[in-house]
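Below is one structure, written out as structure tokens; the observations come after it.
What follows draws every value from the coordinates through simple rules; no lab data is involved. The structure presented is a predicted model; accordingly, all values stated were derived computationally and were not measured. Cβ: placed from backbone, ideal geometry, glycine included. Neighbour counts: every protein chain shown.
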Amino acid sequence: MASQSRHVLRSVHVDASVAIASVAAIICAQLVLRFRCSQKSTSTRIVGAAATENRSEPCGSAMCGLWLRSHNCYGSIEGHETSSAGVRTGVPVMADVPLYDRTYARFGLPARQQVRHETYGEDLGQNSWLTVDEWNAMIGWITPRHRSRVLDVGCGSGGPDLYLAQQTGAQIVGIDMNADAVSTANAAAAESGLASLASFQQADASTALPFADGSFDAVFCIDAVNHLRNRLRVFQEWHRVLKPHGQVVFTDPVVVTGLLTNEEIAARTSIGIFVLSLLEEDNRLLDQAGFDLLRSDDSTDNVATVARRWLEARAVRRQELEEDEGPTAFEGMQQFLTIVHTLAAERRLSRYTFLARVR
Ligand SMILES: C[S@@+](CC[C@H](N)C(=O)[O-])C[C@H]1O[C@@H](n2cnc3c(N)ncnc32)[C@H](O)[C@@H]1O
């Protein structure tokens, strides 16, 4: 009897794993589509190519068409990647909801500062699910010392890095794809007298990093790895630029841990390119890239709490933010934060925080 129940439990577990893996495979196939969308468009024109590394062929994926139709999209599907790690790079996906462009363009807008203060309790200048308590804990894991060299991948406007530089005296380089984020970060470093410790540059972190081998003692990547194509190559690049036994701390805020509809996926990924993963896949790719995993903590509660506070704080300042962002972008961001909160609160998409060391 006991062995029968063990067998049933084992098969339920296997079925659940297979179901989640299948969902993830579908998600990955959909999310790496390159697309153009118009909410106003009523027609659907799909010219597809399912691309592999060396060839292109007509896209036969029903999911491609289904996903595009459900979003009233038109245009060309140039190709999609074939695994959660991805195999191709290409032109950036156009975001339906321009969260990063609008936010970084005027990061210091008083309404935006007030929103950050109410959202995070302490405004570090972050633009993620990161709270100061969490950041202090992560810094404690790495213990950067005076003159330690630290790379922050997807640094945004650099606020957490300036805090880190101030606390530890570490030398920090931040990279981000967004030009406004980088100029805001460099201006903030100059204003706070930390420019000799922290500098920021524009770079696409999904491609080869512009640094020599063994340049850094530590790499941070907070809520940005999910925007980078080809996770194995990304991890390999982090490994390459780290010194022997160097450490990496990163958060993956879109780990699939439950069932998701295509509408939910589209709303959750409306701010740009997304790669959704499974916890096992992050672990496997870290190992393959040459890291030893030291810890992986479930930090989903941060997302649920921060998203709710962010949503509410923005709603209070609707008028100022609508004037800055425009009503469509404002509404899009509210919808984005709503779905982020729902999926995190229901633990269907989870956030994990990883600490790993070069083997
Ligand atoms: C959620 S924000 C996090 C920013 C910052 N780490 C923080 O905690 O405030 C994600 C960041 O990733 C950046 N990003 C997206 N794609 C990128 C890429 N391919 N290369 C570098 N940065 C990228 C975005 O511009 C954005 O600043």
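The distance separating the Cα centre of the stretch 121-181 from that of the stretch 242-292 comes to 20 Å. Amide H to amide H distances under 5 Å link residue 294 with 355, 356, 357, where only residues 5 or more positions off or on other chains count and H is placed in the peptide plane. Highest mean packing comes first when the peptides 247-255, 303-311 are listed by Cβ atoms within 10 Å, giving 247-255, 303-311.
Using the 10 angstrom Cβ neighbour count as an exposure proxy, how do 141, 238 rank, fewest first? List each step's numbers first, then the result.
Values: 141 13, 238 26.
So the ranking, lowest neighbour count to highest, is 141, 238.
For the stretch 344-359, backbone phi angles converted through the Karplus equation (6.51, -1.76, 1.60; θ = phi - 60°) give residue-by-residue couplings of 6, 4, 8, 6, 8, 10, 10, 10, 10, 10, 10, 10, 9, 10, 4, 6 Hz, Gly and Pro being listed as x. Annotation: amide H-H contacts under 5 Å for residue 299 (H modelled 1.01 Å from N, sequence separation of 5 or more, or interchain): 351, 352, 353. Count Lys and Arg as plus one, Asp and Glu as minus one, and take only other residues whose Cβ is under 12 Å from that of residue 186; the net charge is then -4.
Give a residue-ordered list of calculated ³J(HN,Hα) values for the stretch 288-303 (Karplus: 6.51 cos²θ - 1.76 cosθ + 1.60, θ = phi - 60°; whole Hz; x for Gly, Pro). Couplings: 4, 7, x, 9, 9, 6, 9, 6, 9, 10, 6, 10, 5, 4, 4, 5 Hz.
Label the stretch 149-290 by shape, choosing from rounded, prolate and oblate, from the square roots a ≥ b ≥ c of the eigenvalues of the Cα gyration tensor; if a/c is under 1.5 it is rounded, and otherwise prolate applies when a/b is larger than b/c, oblate when it is not. Numbers along the way, then the final one.
Values: a/c = 2.20, a/b = 1.40, b/c = 1.57.
Oblate is the answer for the stretch 149-290, as a/c is 1.5 or above yet b/c matches or exceeds a/b.
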